[in-house]
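Working notes, structure below.
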Amino acid sequence: MATAPTLPKLSRTTELKASFGTVLGYGPAGAGKTRSIRTLKLGGMEPLILACELGETHGLLSLASDDIPYIPFKTHQDLIEICRALKSKPKKIEYDGTEFGSVVLDSITQWGEMPLERFMAIKGWTDLHDPTSKGDGKDPRGAYGFLAEKGRQVYKELFELHGHLYIIAREGLFGGQDGEPIFAAPELPGQKLPRELPGWPDATIRLRVIAGKYRMITKGEGGSPARVRLPEAFPTLPLRCNPDIAALIRYMLGDKSQLAILDPKDPAQASSAEPAKK
């Protein structure tokens, strides 16, 4: 006699409660992307950086005085194995005997080159868009499908971590074809991921320098994606906020007092992104 399948338990939205926040931050060079990682440490969220930017210091030299742990990696599979190691202990993020409250991927833009390099290695290609190879059956479009698949795999592994998540991306310009307006978005190869990626985290924010001040944009402008999911009846965030990632996460999780830290119009409040002058 066949056994009846075990069906999932009925749940209700009133029972929902988020324990961790997920944020995607993107911006051009000099917009304070690496600098914003510091707010997680100052906010008591003990960050661990998964670093793949090029260079001897992996772009982290501005954090040298902050004593923030990081793990450098060079391949997509390295990142997957690191994520799985971080999930090896239940209900915590732990690596090399140290427990962390948040994980930062810096950056998903540089990671995007890794699946493309792997795809070319599998195919035996030395160049993805070599015009001299036309007519030999080479179709580079398959590489971007491979990239999108690996991107979803990375997001799945990262989102399963038992802690806060901050993903950093460089800013690129998209559009401009067939009359489509040009807009800024997280920079990744291909067409799918730059459009899909901003919709996955709880918040997508665009980092900019405006009138000499570091700011994060919380709503879409001119086609450039940005939005923050908030609890019902919470005050809407200002369009331009102090780039305090720890305060943003706490606000998304229900702490209304963080609004005063995020709102740049309240000079009486000190932000960990811009400490009050003494």
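Where a number appears in this text, it was derived from the coordinates with a stated rule and is not lab data. Remember, it's a predicted structure, so these values are computed and weren't measured experimentally. Every residue, glycine as well, gets a Cβ built from its backbone with ideal geometry; the counts of neighbours run over all protein chains shown.
Tabulated data for the structure shown
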quantity	calculated
Whole-angstrom gap from the stretch 41-80 to the stretch 164-230, using each part's C-alpha centre	22
Segment Ala29-Arg12, length gained on full extension (0.36 nm per residue, minus Cα span)	1.8 nm
Fewest-first ranking of Asp202, Asp106, using other Cβ atoms within 10 Å as the exposure measure	Asp202, Asp106
Taking the convex hull of Cα positions in the chain, its mean projected area over all directions (nm²)	21.6
Contact order normalised by residue count of the stretch 20-260, Cα under 8 Å, 6+ apart, percent	27
Surrounding net charge for Phe183, when Lys and Arg each add one and Asp and Glu each subtract one, Cβ distance under 13 Å	-2
Label-zone membership for the stretch 51-67, site Met120, 7 angstrom Cα→C-beta point, backbone N under 17 Å	54
Sorted by Cβ density within 10 Å, fewest first, the residues Ile37, Ile80	Ile80, Ile37
For the chain, calculated [θ]222 nm from helices alone, where every DSSP H run of n ≥ 4 adds -39500 (n - 2.57)	-7500 deg cm²/dmol
Rounded to 5, percent antiparallel among DSSP beta bridges of the chain	45
